[in-house]
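What follows is a set of notes on a single structure, which appears directly below.
The values are calculated or read from the model by the stated rules, or taken from the named source; none is laboratory data. Since the model is a prediction, treat every value here as computed from it, not as a measurement. All Cβ positions, glycine included, derive from the backbone under ideal geometry; neighbour counts span all protein chains shown.
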Amino acid sequence: MKQLLKRSVCLFLGIIMILSVAHPVSALTAKVASVSAGKWYTATGHTYSTATGTVYYYYRFKVGSGRYVRVNLAQSKNSTETGLYITKNPTRSEKSVEYVCLRNGATKGYKYIYLPKGTYYASSYNPIRFKLTIGKAANQRNYTPARAAELRAETTTVVVQTPTGIYHRWFKINVTNKHKLTMYSNNQYNIALYDASYKKVPLVNQTGSTRFRTAAKVKKGTYYVMIGRTDTPGKASVTTFRWK
């Protein structure tokens, strides 16, 4: 019995060796290219051939201190979720620090993200076009209504909440005539509006939209917009806002 078992093990190992010679394990290769902010690029995705093995493509970019990144994605057709992974190192085992994707058949989209100062690598499993726009956060110390920063109509502000500097931010707006205010934000649920007496003004949110309005017409005067801090401790966020 022992001899039969020994022969079976030898036969199994022999088969494994033959298969290893006939089908060698494919090599993993990482190719890195530098990209510039503000330009469109096409992420190749990963490719495979019997000659080269699996090749992963990475796109290197740098982020300065106190910056935010707007990631734009586009493709002609999207039948499944496709996205861009951002990591600190060009290796497949590296955990992504951010993931921006197109869902539900969308062919284009964007997301604002915060990345600490450093060098990063973008990659995708499938081909997708992308553009990185890097902006500098205002870093205003408008943490209370008394220190609210004035924000003119049709002017977009970008508020960056870093993991170590998470505060409410206040802005003062001057309404010159009675009408319903229209506001735009990538995070409408992070926005609150108050009148000159700091009484909250009801807003009408439009689910799935970046646009929302006051429930009723507001009178001429001064109002305050509060951009709330993130509810997740240690989590950074980027909120955009403009009004008219």
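Which members of the range 51-93 meet the condition of being modelled with pLDDT of 90 or more and over 22 Å from TYR114 (Cα atoms)?
Of everything in the range 51-93, just one residue is modelled with pLDDT of 90 or more and over 22 Å from TYR114 (Cα atoms), namely TYR57.
Within the range 202-216, work out how many residues are over 20 Å from VAL158 (Cβ atoms) and either of a type in the set (A, V, I, L, M) or surrounded by 12 or more Cβ atoms within 10 Å (Cβ to Cβ) (or both). Even if it seems obvious, please write down each step before you answer.
Initial filter on the range 202-216 (over 20 Å from VAL158 (Cβ atoms)): 202-208, 213-216.
Next, only the ones that are either of a type in the set (A, V, I, L, M) or surrounded by 12 or more Cβ atoms within 10 Å (Cβ to Cβ) (or both) stay: 203-205, 213-216.
The number of residues fulfilling the criteria is 7.
Consider the range 186-201. How many of its residues are surrounded by 15 or more Cβ atoms within 10 Å (Cβ to Cβ) and assigned to a loop (DSSP other than H, G, I, E, B)?
3
Restricting to the range 170-181, what's the tally of residues that are surrounded by 13 or more Cβ atoms within 10 Å (Cβ to Cβ) and outside any loop (DSSP other than H, G, I, E, B)?
Residues in the range 170-181 being surrounded by 13 or more Cβ atoms within 10 Å (Cβ to Cβ) and outside any loop (DSSP other than H, G, I, E, B): 6 in total.
Quick one: which of THR157, THR164 is within 16 Å of TYR114 (Cβ to Cβ), at pLDDT 90 or above and among the hydroxyl-bearing types (Ser, Thr, Tyr)?
THR157
So PHE130 passes all but one of these: (1) exposed (fewer than 14 other Cβ atoms within 10 Å of the Cβ); (2) of a type outside the set (Lys, Arg); (3) modelled with pLDDT of 95 or more. Which condition number does it fail?
(1)
Search the range 168-193 for residues that are without any contact (Cβ under 8 Å) to a residue 24 or more places away in the chain and more than 21 Å from VAL69 (Cα to Cα) and pair each with any residue that is of a type in the set (Val, Ile, Thr) and assigned to a strand (DSSP E or B) when their beta-carbon atoms are under 6 Å apart and the residues are at least 6 apart or on different chains.
Qualifying pairs under 6 Å: none.
Looking at SER123, SER93, SER76, which is the one that is among the polar types (S, T, N, Q) and either in contact with a Pro (Cβ under 6 Å, 6 or more places away or on another chain) or buried (at least 19 other Cβ atoms within 10 Å of the Cβ) (or both)?
SER123
Is it the case that THR155 is more than 14 Å from the chain's Cα centre (by Cα), over 30 Å from LYS220 (Cα atoms) and not assigned by TED's automatic domain parsing to the domain that holds SER36?
In short, no.
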